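Notes follow the structure.
What follows is calculated from the coordinates using simple rules that are stated; it is not laboratory data. In this text, all values refer to a predicted model and were calculated from it rather than measured experimentally. With ideal geometry, Cβ positions are generated from the backbone for all residues, glycine too; neighbour counts draw on all protein chains shown.
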Amino acid sequence: MADSGGFSGPLLLVGCGKMGGALLGGWLDQGIAADAMLVVEPALDTRHGNVPAEVTVLANAGGIPANFTPAVVVFAVKPQVMAEVVPNYARFVADGAVFLSIAAGTPISFFERNLGAGAAVVRVMPNTPAAVRRGMSVLCANDHASAAQRDLCGGLMAAVGDTAWLSDETLMDAVTAVSGSGPAYVFHLIECLAQAGVEVGLEPGLAARLALQTVAGSGELARHSDDDAVQLRINVTSPGGTTQAALEILMGEGGLQPLMTAAVRAAEKRGRELGA
Ligand SMILES: NC(=O)c1ccc[n+]([C@@H]2O[C@H](COP(=O)([O-])OP(=O)(O)OC[C@H]3O[C@@H](n4cnc5c(N)ncnc54)[C@H](OP(=O)(O)O)[C@@H]3O)[C@@H](O)[C@H]2O)c1
């Protein structure tokens, strides 16, 4: 279990869907008390069955008690509803709250416009492995966020995986193209490896199992190894062997690297278009 870093709240979570729910689970595991958190989420249905009863869930911002002064307000709603949601929380700027947004493609300037001058804002790009505490989150803060507020936001994201900071917000589209969208590329790799297995004669169920366990196990090995990915690849490639025969295709002209670079460039360009 990660350490809560001494954070005792209060924390206001706005939106408790897939990503907000994963974060809430991580914070509870981290030791943040359930009664130090308040959740605003209009969908009070079975989806939220995993929210412990001790965590108060409100249907809208109007239900927040007047004396509630959060140290941090986390926006975890879809980018499309941000414009309607964010102004409801502007009153917490005066209380000195930091606003942490996980919305893809929504710039810091959007929150500054909608919360008012002086709002401390931290934007973060997490990814879906956060649901199993193996996420990668990249954070970027505005000048109003103090060192303590940055540490607080970094600590909250560390509850669901690794964290890194960027000082240049324009690189968030590149981050999104690598780690934000990246899980989908890896899922597609599993699909492709399984399909290739079927094409060399394996039964589909077995091929899918081999592909999944190979990708998951290799990722885990890479994570725990002192060697980088290049060395790990070299370690399993005997000259003239089967792995080398495959890598001559994957690393040959028109192989995986130019394809991956083109894919990441396309995602980065799309991110810039969506954010414009
Ligand atoms: N999932 C990912 O892989 C991922 C990765 C990186 C970043 N993100 C970012 O994370 C954010 C949330 O994504 P998600 O996948 O978790 O979406 P999600 O599962 O749809 O969660 C959003 C939740 O917010 C609720 N909501 C809607 N309006 C609200 C309001 N006015 N006040 C409070 N809550 C409200 C939604 O309820 P209803 O369903 O009833 O509308 C829903 O439960 C997005 O901004 C996304 O860009 C997601």
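Round to a whole angstrom and tell me the spacing of the C-alpha centers of region 199-276 and region 69-101.
39
Does anyone have the angle between helix 256-275 and the longest principal axis of the chain? Alpha-carbon axes, 0 to 90°, nearest 10?
For helix 256-275, the angle is close to 20 degrees.
Under the rule a/c < 1.5 gives rounded, and otherwise a/b versus b/c splits prolate from oblate, where does region 15-143 land using the Cα gyration tensor? Let's see the in-between values first.
Numbers: a/c = 1.56, a/b = 1.18, b/c = 1.32.
Note, shape of region 15-143 comes out oblate.
Normalised by the number of residues in the chain, what is the relative contact order in percent for Cα pairs under 8 Å and 6+ residues apart? Present the calculation step by step, with values, prior to reporting the outcome.
Numbers: 396 pairs, mean separation 39.0, N = 276.
Taking the mean separation of contacting Cα pairs over the length of the chain, I get 14 percent.
For Glu273 paired with Leu202, estimate the spin-label separation in nm (one decimal), with each label point 7 Å from Cα along the Cα-to-Cβ line.
Modelled inter-label distance: 3.6 nm.
Hey, with R₀ at 25 Å, roughly what FRET efficiency would Leu212 and Arg265 work out to, going by the Cβ-Cβ distance, to 0.05? Spell out each step's value before the answer.
Numbers: r = 28 Å, r/R0 = 1.12.
Using R0 = 25 Å, I get an efficiency of 0.35.
Counting DSSP beta bridges with both partners in the chain, what percentage is antiparallel, nearest 5? Don't skip to the answer; put the middle values down first.
Values: 4 of 28 bridges.
Beta bridges within the chain, antiparallel portion: roughly 15 percent.
In nm, to one decimal, how far is the Ser225 label point from the Asp29 one, both placed 7 Å along Cα→Cβ?
With each label point 7 Å from Cα toward Cβ, the separation is 2.5 nm.
Extension gain Trp165-Ala117, at 0.36 nm per residue separation less the Cα-Cα distance, in nm? Please report the intermediate quantities before stating the final value.
Details: separation 48, 0.36 × 48 = 17.28 nm, distance 2.31 nm.
Between Trp165 and Ala117, full extension yields an extra 15.0 nm.
Could you identify which residue out of Leu171, Leu13, Leu193 has the top mean-square fluctuation in a GNM of the chain using Cα springs shorter than 10 Å?
Answer for the Gaussian network model of the chain: Leu193.
Once the piece of chain linking Phe68 and Ala94 is laid out straight, how much longer is it, given 0.36 nm per residue of separation minus the C-alpha distance between them? Before the final figure, lay out the partial values.
Details: separation 26, 0.36 × 26 = 9.36 nm, distance 1.25 nm.
Residue separation times 0.36 nm, minus the Cα-Cα distance, leaves 8.1 nm.
Using Cα springs under 10 Å in a Gaussian network model of the chain, which residue among Gly252, Gly155, Gly105 shows the largest mean-square fluctuation?
Gly252
Using Cα springs under 10 Å in a Gaussian network model of the chain, which residue among Asn67, Asn127, Asn114 shows the largest mean-square fluctuation?
Asn67
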